[in-house]
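Only one structure is covered here, and it is reproduced in the block below.
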Amino acid sequence: MAAPRQRIHDPARRSAVDAVGLPRRPLPGLDPAWSRVVLAPDAEGLTRRWHVLDNGPLLARAEGEVQGTVLAVHGNPTWSYLWRRILDQAPTGWRVIAVDQLGMGWSERTESPRTLAQRVADLSSLTERLGVSGPVVTLAHDWGGPISLGWALRHRDQLAGVVLTNTAVHQPVEHAAPAVIRLARAPMLLARVCRSTPAFVRGTTALSVPPLPREVRDAFAAPYTTADRRSAVADFVRDIPFEPDHPSRAALDEIAAGTATLDVPALLLWGPRDPVFSERYLEDLLRRLPHADVQRYPGASHLVLEDRPEGVGVIWGWLEDLLDDAAPGAPEHPSAARASGARVPIRVDTSRPEDVAVVELGSSGGTAAAPRRVTFGELDTRVDALARGLAARGVRPGDRVAVLVPPGVDLTTVVYAVWRLGAVVVIADAGLGLGRLGAALAGARPAHVIGIDRALALAALTRVPGARLRVGGDALDELVADGARTGTALPTDLPEDADGAVLFTSGATGPPKGVVYTRRGLAAQVALLRDTFGFGPGERFVAAFAPFALYGPALGLPSAVPDMDVTAPHTLTAAALADAVAAVDATMVFAAPAALRNVVATADDLTPAQRQVLAGPRLVLSAGAPVPAELLRAVRAILTGAQTQTPYGMTEALPVATHDPTTPGRDDDRGGVCVGRPVPGVEVGIAVLDDAGVPAEELGTAPGAVGEIVVRGPHVKDRYDRQWAAQRGSARPAGWHRTGDVGHLDDEGRLWVEGRLAHVLTTADGPVTPYPVEDRVRELPGLADAAVVGVGPGGAELVVLVLVPEERGGLLARVRGAAPGSGALAPPDLAGRVRAVAGVPVAAVLVRDWLPVDVRHASKVDRAALADWADGILHGRGGRTVTGWVTGRSRRAPRTRSR
Amino acid sequence: MTTRPGRVLVTGASGMLGGAVADLLADRGWDVTVMQRRTAGGRHREVLGDIRDGEAVSRAVSGQDAVAHLAAKVDVVGSWRDFVDVNVRGTRRVIEALRAQGGGRLVQVSSPSVAHTGRSLVGAGAGPASPMRARGHYARTKAAAELFALEADDGALASTAIRPHLVWGPGDTQLVGRIAERARQGRLALVGAGTVLVDTTYVDNAAEAIAAALERIEHARGQALVVTNGEPRPIGELVAGICHAVGAPAPRLHLPSPLAWTLGAAVEGVVAAAQALPGLPPITQPPMTRFLAEQLSSAHWFDQRHTRETLDWAPRVGIDEGLERLAAAAGT
């Protein structure tokens, strides 16, 4: 051993130290019936006493057939207790064997330290003695990872899959070892931290987020009560081969290399807040197992299955799929079904190189007086040069590149250059807020970050990994110039099913989820947009809405970026819009609803000439939130020649349907928001809700049937990034995407959205969707706003209407002295009128001065907060404290606007 | 499984709910006998007697296929001994009488208060009756009575407990009567902000649920089932609706609930003291008791799905229609 030996073995004390088998006192979550002591020879042939948790005997007694075995290997300094939930939730037919490694847990203490190679041999000998037959999936944590993989490599014929949680198989010599472990290995400290004190044993379970219950932490520490019982804990740390000449180095390198040859299904579950096994090790494993499914739990730490017990269900779900997929007649891989459909390659269209591709008005590029212009030919040359420049800086095909550049010519150039290289664009919406934006980017693990200075500072702050490439000031031009000089070859044949982009959704709750598009999916999306809205030669557009603006060059459509802060839609003025229309003689305008609202508000400032210009465009496209028909009518009073369209879709699938709310359409019996017919090439199915509000597995299209909206098309996301469970939940049936919206199709095939699935009330009379009820109530005069929330337990929820009467609106109410958000019962006559029109039984009608809106969408009612408030009012959290509680909680600025 | 109507005894038929149950069962073809202390001269065969009189109970039960047992002491004040004699022993006398004649069916009409420990009940089921933890003499003795009734369920005797919550309707002297009277005296206080959700039961719905329990005893036996309209409303709205229906002024004063609770406790103390003094007339209606304060300041509403499924019953008269009927009966 390279490290100094400090442990003194005293055989005389062995029996006292070496209690094998589970103690009698109960440990939380652990069924003693799983526990057994097994005798098996170790690597040297000496018989050892092992303690294992094994449901095999129970299965045998029940005469159950074993379809598969999970071999679970803990790390240091835990024991098989780590896998208690795996045993507890084991589905029929699965045997789970969770071992206590020799010297660890309740297994025998050995006279001398075990090396990695010995431990692999020990384990192999044990499984032979246990009579493990049939398919085996290994499951491991921490330093159990290399041991389990070592076993896997020696049992390839039996191996059906590998599951790894926060572990590593490779410790590059050139890389610094994890600081915590380096510290613990310092010769002076090792004995103290690991052996003579319980610091390491206790510290491991203290890392958990949220903290583990005391009894669970005690259970983890139970086998390691004395220094002698902790010997192997110190030995284990010493056996980590940091040094090139370490005795276990060769064994680890062999396992690391072997892992890359494993072609069985693999699942990696990761808690990224691990001070030892940081995401660097996840990256390393993914390089070796590129086909692995990944479930990453943002915020979770080292003991990922303790921090996220739901991960146990995820593992079992994955294992069940494994057996199903192995069965004959398994469904084909979803991407195979998506190969069809028109595609527009994601590269600059150079069929008319002399034409202007992008005109940038305003501060970011040029000025209104001297706007920046770039032709398709120039853009293509620039993209090509930048791609070479990026390649020279180490950007490789398949690398993830976070792009933090404001919309405009530069962003367009960078994105097309990344695509030109075959690399993957990672884009997160600034609207996520800085914290969530940083977390999103860090979670995507980009290899490179391209950004302006401000963005790179944010990336540093939020610990986004990856090499930095500055494009602020002249830096981009220098990169382009470098690229133009170098003769770096660019890849020619880029596989269509390779990843093309990772986009971050605007999930209102929880951490943002990365949505992965393949290059094929992106190309299909461009084609769908073209075909849906009739983008043809001779069209030109104003891009005040970033997502679509990016596709102009691929479609060969000239575009103008107006003088505005594109990340803040409400900064678009009518005059700026007119100037942008004039700059390219635009036929179309893409703008977010907030931008259009400001255009309407500033229309009085237009000059007659600008008014004339605005009569030109034929189409106004607005997306991002439901757009009220009144707003679009007001827009059409300014853009007098334009039709209006509001596409419906989400980050995972856009567009799904499109609709012109200003055209009079037949109303529907059920109500909700009409989003139009599905666009050609996109299928919509409804997963009908049952009485408990749960959507069915199978899809239907029966008119009027209410359920989750499920879509399929060539442009649907490939997957959620490193969120295997979310992906599995959303892609049902295979190839479809569950949107999380509920609604119905009418008898003309139009789709109506009735709210979010998460906001469906489950009442005793069945599910109630919010939008239709709100729409009916809004018809009453004198209301500024209305929202439906549920109170009470699921299945017996009561419908509560929260109203903002016009006379209670914001300022007026405060002048009169009402506390912001103070609530009270609606007057009996108003409550009566609401009940008369609501169409469902209404338990209570409450009034407020404003409705809370969620952080992400300044336009969507925060129904969770509102339901919480109503619950406090109606369930008597109460009486004496109602007023104080409400005012104490509602510090957020009053804002009124719904959905 | 419903069964052919037979002979049924309804106790406590002089009350609003008992009367409604007797009428409804007769309408459904049951041969109804009522037991009460003084003759009411109604349409049903009468056995005069007191539930505290074992012999009278035996006489009334004899020959009956079923008993709907509603007789109870429901006052908010009174001696513990009286409550036990009427509510607990009364139920046991009925059970013994049924046993003596070989069994039959028993619908024990109980109250959600037997399982209510004073906390808010939000979408609750029928918790177990608890004589130890229920609040007040009425609820405690009804809890014990319910336990005896459910325990009696066996091969020969089929029993169930139906717990209607806050029954009201035309002719109601309890909830409606008190609210109306106090509102007219200007003494009606709405506790807290009056926003807590409270379930109530319109009398016809409660009667139908009791009849359904009798007829579907095979499904309901051995269980306690809470019965309500399934339309929880904010208490303030409900009280205002009742006042409006009976032509009384709407309540104005809002007492914060801890204050109301203290007042209730004080009043109970005064009443108890007054009753202890010989020579003074008994006070039966104090303005506010702790029990009532709790009832009016904490949410209590129930998940009715199990009840409706078990009884194959759903309320037919909604609260708004009930208020209209109340107004019609009051001639307002």
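Do we find a residue being under 25 Å from the mean Cα position of the chain (by Cα), modelled with pLDDT under 95 and crowded, with 22+ Cβ neighbours inside 10 Å anywhere in the stretch A:334-350?
Yes, the conditions are met somewhere in the stretch A:334-350.
Results for (1) crowded, with 17+ Cβ neighbours inside 10 Å; (2) not in a loop (DSSP other than H, G, I, E, B), shown as yes or no for each residue.
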residue: A:26; (1), (2): no, no
residue: A:37; (1), (2): no, yes
residue: A:43; (1), (2): yes, no
residue: A:59; (1), (2): yes, yes
residue: A:64; (1), (2): no, no
residue: A:71; (1), (2): yes, yes
residue: A:76; (1), (2): yes, no
residue: A:82; (1), (2): yes, yes
residue: A:85; (1), (2): yes, yes
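Quick check on residue A:738: is it among the charged types (D, E, K, R), crowded, with 21+ Cβ neighbours inside 10 Å and outside the structural domain of residue A:789 (by TED's automatic domain parsing)?
no
Quickly run through the stretch B:194-222 and pick out the residues that are farther than 20 Å from residue B:300 by Cβ, within 17 Å of the chain's Cα centre (by Cα) and of a type outside the set (A, V, I, L, M, F, W, C).
The answer is B:204, B:208.
So residue B:212 clears everything in (1) in contact with a strand residue (DSSP E or B) (Cβ under 8 Å, 6 or more places away or on another chain); (2) buried (at least 22 other Cβ atoms within 10 Å of the Cβ) except one condition, right? Which one?
The failed condition is (1).
For the stretch A:733-784: of the residues being in a strand (DSSP E or B) and basic (Lys, Arg), which is nearest to residue A:657 (Cα to Cα)?
A:738
Which ranges mark the helices (runs of 4 or more DSSP H) fully within the stretch A:455-572 that have 3 or more residues being more than 19 Å from residue A:356 (Cβ to Cβ)?
A:475-485, A:519-533
Here are some residues: A:398, A:389, A:422. Which one is surrounded by fewer than 23 Cβ atoms within 10 Å (Cβ to Cβ), touching a residue at least 12 places away in the same chain (Cβ under 8 Å) and either touching an Asp or Glu at 6+ places or on another chain (Cβ under 8 Å) or outside the structural domain of residue A:298 (by TED's automatic domain parsing) (or both)?
Of the residues listed, the single one that is surrounded by fewer than 23 Cβ atoms within 10 Å (Cβ to Cβ), touching a residue at least 12 places away in the same chain (Cβ under 8 Å) and either touching an Asp or Glu at 6+ places or on another chain (Cβ under 8 Å) or outside the structural domain of residue A:298 (by TED's automatic domain parsing) (or both) is A:398.
Suppose we filter A:305, A:289, A:268 for residues that are buried (at least 22 other Cβ atoms within 10 Å of the Cβ), closer than 22 Å to residue A:324 by Cα, within 20 Å of the chain's Cα centre (by Cα) and in the same structural domain as residue A:116 (by TED's automatic domain parsing); which single one remains?
Step by step, each of A:305, A:289, A:268 is checked, and only A:268 is buried (at least 22 other Cβ atoms within 10 Å of the Cβ), closer than 22 Å to residue A:324 by Cα, within 20 Å of the chain's Cα centre (by Cα) and in the same structural domain as residue A:116 (by TED's automatic domain parsing).
Restrict the check to the stretch B:200-210 and report whether at least one residue is within 14 Å of chain A (Cβ to nearest Cβ) and touching a residue at least 24 places away in the same chain (Cβ under 8 Å).
yes
Given the structure, is residue B:212 touching an Asp or Glu at 6+ places or on another chain (Cβ under 9 Å) and in a helix (DSSP H, G or I)?
yes
Keeping to the stretch A:754-778, report how many residues are surrounded by fewer than 22 Cβ atoms within 10 Å (Cβ to Cβ) and β-branched (Val, Ile, Thr).
1
Identify, by number, the condition in (1) acidic (Asp, Glu); (2) buried (at least 22 other Cβ atoms within 10 Å of the Cβ); (3) modelled with pLDDT of 90 or more that residue A:310 doesn't meet.
So the condition that residue A:310 fails would be (2).
Scanning the stretch A:785-806 for residues that are crowded, with 21+ Cβ neighbours inside 10 Å, assigned to a strand (DSSP E or B) and not hydrophobic (A, V, I, L, M, F, W, C), which turns out farthest from the other protein chains (Cβ to nearest Cβ)?
Looking at the filtered set, the residue picked out is A:785.
Is the stretch B:219-231 home to any residue that is surrounded by 21 or more Cβ atoms within 10 Å (Cβ to Cβ), closer than 29 Å to residue B:126 by Cβ, modelled with pLDDT under 65 and at the interface with chain A (Cβ under 10 Å from one of its Cβ atoms)?
Looking through the stretch B:219-231, none of the residues is surrounded by 21 or more Cβ atoms within 10 Å (Cβ to Cβ), closer than 29 Å to residue B:126 by Cβ, modelled with pLDDT under 65 and at the interface with chain A (Cβ under 10 Å from one of its Cβ atoms).
State yes or no: is residue A:701 in contact (Cβ under 8 Å) with a residue 24 or more places away in the chain, touching a Leu at 6+ places or on another chain (Cβ under 8 Å) and hydroxyl-bearing (Ser, Thr, Tyr)?
Taking the combined requirement at face value, the residue satisfies it.
So, in the stretch A:742-784, how many residues would count as being within 14 Å of another protein chain (Cβ to nearest Cβ) and among the acidic types (Asp, Glu)?
Of the residues in the stretch A:742-784, 1 are within 14 Å of another protein chain (Cβ to nearest Cβ) and among the acidic types (Asp, Glu).
Whether any residue in the stretch B:181-192 is farther than 30 Å from residue B:29 by Cα, within 14 Å of chain A (Cβ to nearest Cβ) and not in a loop (DSSP other than H, G, I, E, B) is what I want to check.
yes
Are any of the residues in the stretch A:438-452 in contact with a Gly (Cβ under 6 Å, 6 or more places away or on another chain) and either within 23 Å of residue A:375 (Cβ to Cβ) or in the same structural domain as residue A:553 (by TED's automatic domain parsing) (or both)?
No: zero hits.
Counting only residues that are assigned to a helix (DSSP H, G or I), more than 9 Å from chain A (Cβ to nearest Cβ) and in contact (Cβ under 8 Å) with a residue 24 or more places away in the chain, how many does the stretch B:299-320 have?
5
Please give the number of the condition residue B:118 fails out of (1) away from chain A (no Cβ under 14 Å); (2) in contact with a helix residue (DSSP H, G or I) (Cβ under 6 Å, 6 or more places away or on another chain); (3) of a type outside the set (Asp, Glu).
Among (1) away from chain A (no Cβ under 14 Å); (2) in contact with a helix residue (DSSP H, G or I) (Cβ under 6 Å, 6 or more places away or on another chain); (3) of a type outside the set (Asp, Glu), residue B:118 violates only (1).
The values are calculated or read from the model by the stated rules, or taken from the named source; none is laboratory data. Because the structure is predicted, anything quoted here is derived from the model rather than measured. Neighbour counts run over all protein chains shown; Cβ positions are idealised from the backbone, glycine included.
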